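What follows is a short report on a single structure.
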Amino acid sequence: MPIPLLKDGPKCIEELADATGAHARPLYRVMRFLASLGIFAEKKPRHFTLSPLAERLQTGTNGSLRGLAIVEGSEYLVRAWSNLLHSVQSGEVAFERTFGMNFF
């Protein structure tokens, strides 16, 4: 994700796409979505900067939540979250249904 790229100030979506090997158009859609959640800010069209929330996703900041965000976004937890509705309806544990074992 482009957090380190934005640490020194706003960047246009084309710069972010070039630096990350992404396509500018879909990256722009993702960045606008994240800006709508308050994670980034679009200061002028197609230019993004860090928000106070994104500051907490960096390494080396007080109260950093970067590690937690990485774990929560990991493939194995995302796969388990896909069974949330089943868990609510059945009372079964989503992680156990997904992987056939206890999380711990």
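Every read-out reported here was derived from the displayed coordinates using simple, explicitly stated rules and does not represent laboratory data. Treat the numbers as computed from the prediction; the structure is a model and nothing was measured.
With no solvent and one point per C-alpha, what does the Debye sum give as log10 I(q)/I(0) for the range 25-66 at q = 0.24, 0.29 Å⁻¹?
Cα-only, vacuum Debye calculation for the range 25-66: -0.77, -0.94.
Using Cα-Cα distances under 8 Å and only pairs 6 or more residues apart, what relative contact order does the chain have, in percent?
Here the relative contact order equals 17 percent.
Would you compute, from DSSP H runs of 4+ residues alone, the mean residue ellipticity of the chain at 222 nm, taking -39500 (n - 2.57) per run and dividing by the full residue count, rounded to the nearest 500?
Counting only the DSSP helices, I get -13500 deg cm²/dmol.
Taking θ as phi - 60°, what are the ³J(HN,Hα) couplings along the range 65-73 by the Karplus curve (6.51, -1.76, 1.60), each to the nearest whole Hz, with x for Gly and Pro?
Along the range 65-73, the couplings run 10, 4, x, 4, 4, 5, 5, 5, x Hz.
In degrees from 0 to 90, rounded to the nearest 10, what is the angle of the helix 24-36 Cα long axis to the longest principal axis of the chain?
70
Which whole number in µm²/s is D for the range 1-71 by Stokes-Einstein, with the Kirkwood Rh taken over Cα pairs at 37 °C and 0.692 mPa s?
Estimated via Stokes-Einstein, D reaches 269 µm²/s.
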